[in-house]
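Peer 1: Okay, here's the structure, questions in a sec.
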Amino acid sequence: MNDARRLACLRIVLVIVGLIALFGVFPLMLLWPSGWAWESGHVDRSEYALMIVGIYATLGVFLLIASRAPMRHLSLIWFTVWSSVVHGAIMAVQSFGGAGHLGHLAGDVPALFIVAAALAVFTPRGDKARRLSSSSRDARPE
């Protein structure tokens, strides 16, 4: 895949993930609590749920900003990749801890791994990233 196409795909993935993080986490917790909410009861009044929604909404905003110039935001993109892997791995282990959390293995756990994989596949690394960062239009200040 050529560099221009790779960056175009990365921009699309950043927009999709950004919009889902910004607008999709809370509705998923309400509509599919066994796969997305780690507390039982009223998700809309949960301090945990509001904290998670706030964190992911903030991440979503920054991923949308990064979609405009991905090569200027590589550290954010790689943070999203690796934090999603770590978060998903911890939740996968915790899913086996009882209390009806196995539904997360079909909900938020695979979603985190899919996000990590999609971003990692399209994000240039190593020499290619350095070359694109120095030569890409989006690497220059606006």
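Peer 1: Could you check the stretch 99-132 and list, in sequence order, the residues that are in a helix (DSSP H, G or I), farther than 15 Å from Arg5 by Cα and at pLDDT below 75?
Peer 2: Within the stretch 99-132, Leu102, Gly126, Asp127, Arg130, Arg131 qualify.
Peer 1: Working carefully through the options Gly126, Gly97, find the one that is more than 17 Å from the chain's Cα centre (by Cα), free of Cβ contacts under 8 Å to residues at least 12 places away in the same chain and over 24 Å from Ala37 (Cα atoms).
Peer 2: The match here is Gly126.
Peer 1: Next question, about the same structure. Return the total of residues in the stretch 63-85 being under 11 Å from the mean Cα position of the chain (by Cα), free of Cβ contacts under 8 Å to residues at least 40 places away in the same chain and crowded, with 18+ Cβ neighbours inside 10 Å.
Peer 2: 1
Let's see how each residue does on (1) closer than 17 Å to Ala116 by Cβ; (2) modelled with pLDDT of 85 or more; (3) not aliphatic (A, V, I, L, M):
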{"site": "Ile12", "(1), (2), (3)": "yes, yes, no"}
{"site": "Gly18", "(1), (2), (3)": "yes, yes, yes"}
{"site": "Leu22", "(1), (2), (3)": "no, yes, no"}
{"site": "Val25", "(1), (2), (3)": "yes, yes, no"}
{"site": "Pro33", "(1), (2), (3)": "no, no, yes"}
{"site": "Glu39", "(1), (2), (3)": "no, no, yes"}
{"site": "His42", "(1), (2), (3)": "no, no, yes"}
{"site": "Glu47", "(1), (2), (3)": "no, no, yes"}
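Peer 1: Can you find a residue in the stretch 75-84 that is among the hydroxyl-bearing types (Ser, Thr, Tyr), at pLDDT below 90 and part of a helix (DSSP H, G or I)?
Peer 2: No, the stretch 75-84 contains no residue that is among the hydroxyl-bearing types (Ser, Thr, Tyr), at pLDDT below 90 and part of a helix (DSSP H, G or I).
Peer 1: Oh, and also: Could you grab me the full set of residues in the stretch 24-54 that are surrounded by fewer than 13 Cβ atoms within 10 Å (Cβ to Cβ) and either in a helix (DSSP H, G or I) or under 11 Å from the mean Cα position of the chain (by Cα) (or both)?
Peer 2: Residues satisfying the conditions are Pro27, Leu31, Asp44, Arg45, Glu47, Tyr48, Met51, Gly54.
The values are calculated or read from the model by the stated rules, or taken from the named source; none is laboratory data. Please read all numbers here as calculations on a predicted model, not as lab measurements. Backbone-built Cβ (ideal geometry, glycine too); neighbour counts: all protein chains shown.
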